[in-house]
1. In whole angstrom, note down how far apart the Cα centers of the stretch 173-236 and the stretch 85-148 are.
2. Let a ≥ b ≥ c be the square roots of the eigenvalues of the Cα gyration tensor of the chain; is it rounded (a/c under 1.5), or, if not, prolate (a/b larger than b/c) or oblate?
3. May I ask you to evaluate 6.51 cos²θ - 1.76 cosθ + 1.60, the Karplus curve with θ = phi - 60°, for each residue of the stretch 153-165 and list the ³J(HN,Hα) values in order in whole Hz, giving x for glycine and proline?
4. Between ASN156 and SER263, how high is the FRET efficiency from 1/(1 + (r/R0)^6) when r is the Cβ-Cβ distance and R₀ = 22 Å? Nearest 0.05.
5. Amide H to amide H, which residues 5 or more places from GLY65 or on other chains are under 5 Å from it, using H placed in the peptide plane?
6. So what's the net charge close to LEU203: Lys and Arg +1, Asp and Glu -1, counting the other residues with Cβ under 14 Å from its Cβ?
7. Cut-off is 10 Å between beta-carbons; in what order do MET274, MET223 appear when sorted fewest neighbours first?
8. If each of SER51 and SER126 carries a label point 7 Å out from its Cα toward its Cβ, how far apart are those two points in nm?
Amino acid sequence: MKMFHALPLALSLGLCLACGGGSSSGDGGGNNGGGTWQLTWSDEFNGADGSAPDSSKWAFDTGTGSGKDGWGNNELETYTSRSQNAQIQSGNLVITAIKEDYTGTDGVARNYTSARITTKNLFSQSSGRFEARIKIPYGQGIWPAFWLLGNDVGTNGWPACGEIDIMENVGFQPATCWGTLHGPGFSGAGGLTAGTTLASGNLAADYHIYAVEWEGTTIKFFMDDTLYATRTPADLPSGGLWVFDHPFFVILNVAVGGNWPGSPNSSTTFPQKMYVDYVRVYHRS
Ligand SMILES: [Ca+2]
């Protein structure tokens, strides 16, 4: 999510890996031979309708990024902490992307608002199963994501901190979930990307469970019960550094526009809503 993704590379890698996929384990929080997954942190988003996300678990990233450049991706939204952009409804976190003229506290005028919430400084964990049940938004230029960032981003910077994108979707590929690792030597357009695509229908039509299982030097990507990519240091390009050895925190957001999804067009309808039923994090006992 953090940085530019080059579409042709992402496509070619994703399609190639999808061809080799098809294995299915779908641990789903259950056994995998070496102990059981124990819940270590979760948010079921069961607060009162209209309330803000639990501030003991989540903080808002607001504005347009530290460079006021659309979070390094030329995204078109400004993120706010207003209830219009993020609130609890019927046991879900609802992040809403709105088409409206809005100038945030950073003074940057934008034509779209949305929300991005993070557990930075509130919760982080090294390895484990990270999962969320999400019904994504849809449309050209819409870019929802559920992802992890190394908690040393403030001191070591990006991509040295590492990034694990558990779910990204770009509106022009409505049936495809992308899972990506970024780190030193494999970031931005060079991230290790794999995709999984529904046989029929679009992801936004229903909830799906997006997950990674990260144990030792193996990170597995799942959508629902399907394992679609397994990453180890052997996948890194020459000179790449495996940095998935320290705590990461969780981020949920809906971006509008940017280098990868491109801009909304006349076919895009607003508002667009991402419904997150829960985020659950486990550690193997
Ligand atoms: Ca829920």
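1. 19 Å
2. Taking the square roots of the gyration eigenvalues as a ≥ b ≥ c, the chain is rounded.
3. Per residue, the Karplus-derived 3J(HN,Hα) values read 4, x, 9, 9, x, 10, x, 4, 6, x, 8, 10, 8 Hz.
4. According to the calculation, E is roughly 0.10.
5. TRP71
6. Values: positive: ARG133, LYS135, LYS273; negative: GLU168, ASP206, ASP224.
Local net charge: 0.
7. Working: MET274 27, MET223 22.
With the fewest neighbours first, MET274, MET223 line up as MET223, MET274.
8. 3.4 nm
Taken together, the values in this text are just the output of simple stated rules run on the coordinates, not laboratory data. Not measured: the values here are computed from a predicted model. Neighbour counts run over all protein chains shown; Cβ positions are idealised from the backbone, glycine included.
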